[in-house]
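Q: Take this structure, written in structure tokens, and hold onto it; I'll ask about it next.
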Amino acid sequence: MSGRLRPRRLRAGRAVGVCAPGGPTDEGALQEGLRWLEEAGIPARCGGSLRGRDGYLAGSDDERLADLLGLVRDPDVDTILFARGGYGVGRVLPRLDPQLFADTRKLFIGYSDFTAFSLWLWKSCGLASIHGPMFERPGILPEARARLLALARGEPAALEPIAGRGLADGRTRGRLVGGNLRMITTSLGTPWEIDTRDAILFFEEIGEQPYALDRSLVQLRDAGKLEVAAGVAVGRLVDCASERYPEVSACDVLERALLPEVRGPIVRDLEFGHVVGNLALGVGVEAELDGDAGRLTLLEHVVEDAD
């Protein structure tokens, strides 16, 4: 990661800050997540508007921004976890100071609409982050929680391969960039637009019908993002079937949209995204994508080297 920053790892006895810079939280899922931290012996520092609600937002822009910045400046907080995604993160990105985030090097965790923030971190600060489970749903599998902690602590278990199904053969290495498909396309034209040059593009999605997946992938194609990528890793596409056009599946869309455009391997059905087994990945770290074996492997830790 020459010229790039790795966040500080989660250390024993240090706190995890929990905030909701986007949509409002579900109390049951939030309580389950906080219990998990307690059982893992990790202190939690909760933002003041964590349980706030302003329509589809977890409080006003000023309140959510103040929570986020308060945790960034808190010297006792090593890691900041978004309690959930939901629309709203993008509203405050232009008000963030990249130098503050680069200087403090906090580790950020989330996925879904967190994608906008992780792309901002990478483009504006050169700071890697974790695409992984939040507190947005109950029943997250223990193995997903364990991988998340291993990645946050820089432990070897975090580098275990994730299995999927090969769609295009070959093997490649590159930076891992991406997140939620709709949020990736939303980044186009912004200062934090995704950069896929010689990178492994990864994405997942939920609740988008095949034609909507097609629309997003065509937009990425027309923006030149597919042809320059080293490969594509596709996570879970949840509830992406169509009752009106059942003859076209999400997999059909992937084949039609990706195979003619991507020069490297493509692996689908990887276990990350809007599922209880959401396995954590590193945004901005080197990875290997193997289309023959159908697997994705992180080649380096997201966080700084352990002592």
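What follows draws every value from the coordinates through simple rules; no lab data is involved. Just so it is clear, the structure is predicted and the values come from calculations on it, not from any experiment. Methodologically, a virtual Cβ is constructed for each residue, glycine included, from the backbone with ideal geometry; neighbour enumeration extends over all protein chains shown.
Q: Which part of the range 80-115 falls in the paramagnetic zone of GLU286, meaning amide N under 16 Å from the point 7 Å along Cα-to-beta-carbon?
A: Backbone N within reach: none found.
Q: Mind listing the long-range amide H neighbours of CYS46? Cut-off is under 5 Å, sequence gap 5 or more, other chains count too, H placed in the peptide plane at 1.01 Å from N.
A: For CYS46, the qualifying residues are VAL18.
Q: When the Karplus curve 6.51 cos²θ - 1.76 cosθ + 1.60 is applied with θ = phi - 60°, which whole-Hz ³J(HN,Hα) does each residue of the range 46-56 get, with x for Gly and Pro?
A: 9, x, x, 9, 4, 9, x, 8, 9, x, 8
Q: So, one more: Share of Cα-Cα pairs in the range 45-127 beyond 22 Å, in percent? Kindly include the intermediate steps, with their values, before the conclusion.
A: Working: 531 of 3403 pairs.
Percentage above 22 Å: 16.
Q: Restricting to DSSP loop positions (anything but H, G, I, E, B) with no more than 10 other Cβ atoms inside 10 Å of their own Cβ, which trypsin sites (Lys or Arg not before Pro) remain in the range 161-241? Provide the component values of the computation, followed by the final result.
A: Numbers: sites: ARG165, ARG171, ARG173, ARG175, ARG182, ARG197, ARG215, ARG221, LYS225, ARG236; in loops: ARG197, LYS225.
For trypsin sites (Lys or Arg not before Pro) across the range 161-241 that sit outside H, G, I, E and B with at most 10 neighbouring Cβ atoms in 10 Å, the list is empty.
Q: Determine, from the Cβ-Cβ distance of ARG197 and VAL276 and an R0 of 30 Å, the FRET efficiency 1/(1 + (r/R0)^6), rounded to the nearest 0.05.
A: On the way: r = 34 Å, r/R0 = 1.13.
Efficiency, rounded to the nearest 0.05: 0.35.
Q: Under a point spin-label approximation (7 Å from Cα along Cα-to-Cβ), what is the ASP76-ARG256 distance to one decimal in nm?
A: With each label placed 7 Å out from Cα toward Cβ, I get 5.6 nm.
Q: Find how much the distance from ALA223 to VAL238 grows on full extension, using 0.36 nm per residue of separation minus their present alpha carbon separation; answer in nm with one decimal.
A: Values: separation 15, 0.36 × 15 = 5.40 nm, distance 2.52 nm.
Between ALA223 and VAL238, full extension yields 2.9 nm more.
Q: Enumerate the calculated ³J(HN,Hα) couplings along the range 266-279 in order (Karplus 6.51 cos²θ - 1.76 cosθ + 1.60, θ = phi - 60°), each rounded to whole Hz, writing x wherever the residue is Gly or Pro.
A: Karplus-based 3J(HN,Hα) across the range 266-279 equals 10, 10, 10, 6, 6, 7, 8, x, 7, 9, 5, x, 4, 8 Hz.
Q: Could I have the simple spin-label model distance between TYR56 and GLU38, label points 7 Å from Cα toward Cβ, reported in nm to one decimal?
A: In this crude label model, TYR56 to GLU38 measures out at 3.4 nm.
Q: Over the range 180-307, consider all pairs of different Cα atoms and compute the Kirkwood hydrodynamic radius from their mean reciprocal separation; express it in Å, one decimal.
A: Numbers: mean 1/r = 0.0655 Å⁻¹.
With all distinct Cα pairs of the range 180-307 included, I get 15.3 Å.
Q: Please report the antiparallel percentage of the DSSP beta bridges confined to the chain, to the nearest 5. Kindly include the intermediate steps, with their values, before the conclusion.
A: Details: 18 of 45 bridges.
If I count the DSSP bridges inside the chain, around 40 percent turn out antiparallel.
Q: Can I ask one more? Would any residue of the range 20-51 have its amide N under 12 Å from a label point 7 Å out along Cα→Cβ of ILE206? List them or say none.
A: Within reach of a label on ILE206: 26.
Q: Can I ask one more? Using bins 20 angstrom wide from zero, how does P(r) for the chain break down, in % of all Cα pairs?
A: Pair shares across the bins are 36, 59, 5.
Q: Something else now. How tilted is helix 27-39 with respect to the longest principal axis of the chain? Cα atoms for both, answer in degrees (0 to 90, nearest 10).
A: Orientation of helix 27-39: about 70 degrees from the principal axis.
Q: Regarding the range 260-307, what whole-number volume in Å³ per residue does the convex hull of its Cα atoms give?
A: On the way: hull volume 5.9 nm³, N = 48.
About 122 Å³ per residue, rounded to a whole number.
Q: Quick one: angle between helix 142-153 and the longest Cα principal axis of the chain, in degrees between 0 and 90, rounded to 10, please.
A: On a 0 to 90 degree scale, this one is about 70.
Q: State the dimensionless ratio Rg/Rh of the range 1-153 (Rg: radius of gyration of Cα atoms; Rh: Kirkwood radius).
A: Working: Rg = 14.1 Å, Rh = 15.2 Å.
We get a ratio of 0.93 for the range 1-153.
Q: Can you compute the modelled spin-label distance between ASP269 and ARG14, with each label point 7 Å from Cα toward Cβ, in nm?
A: Each label point lies 7 Å from its Cα, and together they span 3.9 nm.
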